[in-house]
1. Within the stretch A:195-254, work out how many residues are in contact with a Leu (Cβ under 6 Å, 6 or more places away or on another chain) and under 30 Å from A:LEU58 (Cβ atoms).
2. Restricting the first residue to the stretch A:194-205 and requiring it to be over 16 Å from A:ARG226 (Cβ atoms), which pairs with a second residue that is assigned to a helix (DSSP H, G or I) meet a Cβ separation below 7 Å and a spacing of at least six or different chains?
3. Can you find even one residue in the stretch A:239-246 that is farther than 18 Å from A:TYR181 by Cα and free of Cβ contacts under 8 Å to residues at least 12 places away in the same chain?
4. What are the pairs, 6+ residues apart or on separate chains, where a residue within the stretch A:43-64 that is modelled with pLDDT under 90 and in a loop (DSSP other than H, G, I, E, B) has its Cβ under 7 Å from a residue that is of a type outside the set (A, V, I, L, M, F, W, C) and buried (at least 23 other Cβ atoms within 10 Å of the Cβ)?
5. Go through the stretch B:94-129 and count every residue that is surrounded by fewer than 23 Cβ atoms within 10 Å (Cβ to Cβ) and away from chain A (no Cβ under 14 Å).
6. Quick one: is B:ALA230 out of contact with any helix residue (DSSP H, G or I) (no Cβ under 6 Å at 6 or more places or on another chain) and assigned to a loop (DSSP other than H, G, I, E, B)?
7. Restricting the stretch B:130-144 to residues that are closer than 30 Å to B:LYS213 by Cβ and polar (S, T, N, Q), which is nearest to the other protein chains (Cβ to nearest Cβ)?
8. Within 13 Å of chain A (Cβ to nearest Cβ) and under 22 Å from the mean Cα position of the chain (by Cα) - does that describe any residue in the stretch B:327-340?
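The values are calculated or read from the model by the stated rules, or taken from the named source; none is laboratory data. Source: prediction; values computed, not measured. Cβ sites come from the backbone with ideal geometry, for glycine too, and all protein chains shown count toward neighbours.
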Amino acid sequence: MKSKIGVTPEVELFFRPHLARIERIFPQVADHRLFQLRFADGAVSEAFQHTPGQFIELTVPGVGEAPISVSSPPTRPGVIEICVRKAGRVTSALFELQRGDQIAIRGPLGRGFPLETFRGHDLLLVAGGLGMAPLRSLLQTVLDERRAFGDLILMYGARNPDDILFKYELLGLMNRTDMKYLLSVDADEEGIWKQYVGVVTGLFKDVSLNPETTYCAMCGPPVMYRFVVQELLNRSVMPERIFLSLERMMQCGVGKCGHCAIGPYYCCTDGPVFSYSEIRDIKEAI
Amino acid sequence: MENKVFSKDEWLEGIKALQSEYKVFVPVKAGDFHKFVRLEEQTIPDLDYQNTRLSPKSLVYPESERMFEFSTDENDPDYNILKEAQKDFGPQAIIGLRPCDAHGFLIVKRNFDNPEYKDPWWVRRYEASTLVGLGCNEPCGTCFCSSVGGGPFDEEGLDVLLFDLEDQYLAKALTEKGSTLLAKLDGGSEASDKELSKAEEVKKAAQEKISSKVDTSKLADKDVLELFNAPFWEDLAFACINCGTCTFLCPTCWCFDIQDEVYQKIGDRIRNWDACMFPLFTLHGSGHNPRSEKFQRVRQRFMHKLKYYVDKYGNGVQCSGCGRCVQFCPVNIDIRHVIELMNSH
């Protein structure tokens with residue numbers, strides 16, 4: 001019997017993960033950690049060139065894969081940072097691992113924020129909760145090439161003062177004169193918070209936006225999108241200038257498995273970053 | 001391309017001989033139903049059948065497929081490295097599949113074989129397959145292939161089409177692959193004009209026997225939001241038990257789930273068919289579920305097949321009209337009825 005038994009070269013391109021190691025682990029707030037990862041193979045590391053907003057499929061050996069957004073900027077290559085909340089099976093297993101342990105990575109996957117379009121324009125970044133993780137990649141990219149962009153505003157809403165991710169790193173932005181950093185917490189039971197208490201949309205009262213020159217990039221829970229989008233539309237920002245990162249159960253990451261279907265789109269290949277004009281007619285999207 | 005005529009005995013002997021060059025799959029009777037099996041010494045092919053209960057999609061896209069294997073033994077030098085599992089991409093011939101199921105492969109191909117990402121395993125197995133279709137002389141009451149761009153003798157997606165002419169088969173080669181397969185068969189003779197015109201008659205008669213028709217041409221012009229918000233989804237979903245039978249039997253449902261399984265220190269990464277009918281399908285690790293309600297999942301299945309797919313590919317609906325989901329749905333949800341609801345909304 002003649003039959004061709006073998007392996008397919010195409011697999012290398014996108015289904016097979018590459019080994020990497022956990023280089024460092026930084027505890028964040030409760031149940032959140034920042035992991036620094038480095039590919040075992042230098043050539044793989046060099047080939048990994050991402051755009052802010054893209055994600056990886058992270059394999060915890062023997063446990064499975066999970067889609068995780070990249071938190072580090074492409075301007076600082078070599079190490080890949082991911083900010084993870086301990087939630088499901090794979091992330092729980094990840095939290096059991098130590099510095100030096102092996103994991104594996106596929107990616108970068110998906111469509112990130114349109115960095116080239118953003119260049120030369122004003123930027124408003126709006127993050128809610130763990131949505132800060134992918135936006136940190138964009139934020140640091142902009143800060144690393146600060147002169148390539150116009151005015152920069154970051155709005156970040158956390159649940160309470162203890163839940164602020166990248167707290168000290170972001171505190172350093174408060175004194176910068178070349179950007180505005182506005183922070184809100186939903187609730188402050190201990191009465192220690194000196195800044196805004198309330199939902200993130202409340203921060204808009206302190207800013208003026210030029211709808212002609214501003215692009216908005218946001219990441220957070222769906223309820224935040226509904227309110228922030230409305231706020232932006234009220235301020236005459238065009239839907240084409242509003243970009244949102246959506247969260248779905250992206251498994252294959254290459255538009256095959258169907259888990260992340262949103263209307264006619266696959267979140268993993270058409271997104272996870274969409275312009276509001278692309279998804280406003282798809283009710284299920286946000 | 002040639003047209004050859006074989007007596008039925010000749011044909012069966014012929015396909016047995018193909019085993020030296022192809023993995024040959026044929027329909028056989030198993031209990032009350034038919035299914036495709038690998039042709040072996042003891043196999044009794046039965047081409048006198050309506051259709052298999054399960055579509056032949058698993059012959060190109062296995063229900064469960066090992067993607068990678070790995071070792072979790074720290075003493076293994078390749079510990080934790082995912083290596084592609086060995087697979088057999090040898091030539092295979094699927095004999096006697098119905099034209100609707102060949103149409104099904106073409107629909108699924110749009111998902112698995114696009115320029116951006118070619119699914120390495122689906123594409124290779126599909127390319128290694130020669131599809132020998134058997135026209136439907138007697139379409140069933142649930143067949144509506146002619147409403148979705150097909151027909152009981154539709155040639156699209158097939159390499160050979162067989163016409164059942166009572167005591168003989170007329171085999172019409174449609175592609176290079178099909179000619180190659182036919183050339184390997186002993187016996188047979190060039191079809192005469194009489195046989196060709198008989199085949200045409202059989203085809204015409206079959207087309208007239210399709211009693212079930214539904215208009216799918218209006219779907220493209222419908223407003224997606226209006227359909228999404230239509231009031232009928234909750235009513236429609238009321239009886240659904242989310243069993244997933246429809247997606248399992250469907251030749252055009254392609255979703256899969258990826259899982260890692262470890263036994264002792266040997267691990268496999270496996271993909272298994274999955275279904276949008278199940279709540280776990282969209283569940284995030286965080287506990288959030290964008291489609292937590294049953295009616296949302298029912299709506300997703302039909303909107304995907306009948307609207308999102310239509311808009312995305314601009315080439316018909318994601319349905320081959322085989323009627324399996326209509327026949328086997330335990331609560332009698334009928335996709336033709338759904339199309340009518342969508343048409344009239």
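1. 8
2. Final answer for the pair search is A:TYR196/A:GLY202; A:TYR196/A:LEU203.
3. no
4. Taking only residues 6 or more apart or on different chains, not a single pair turns up.
5. Matching residues across the stretch B:94-129 total 1.
6. Taking the combined requirement at face value, the residue satisfies it.
7. B:THR142
8. The answer is no; no qualifying residue exists.
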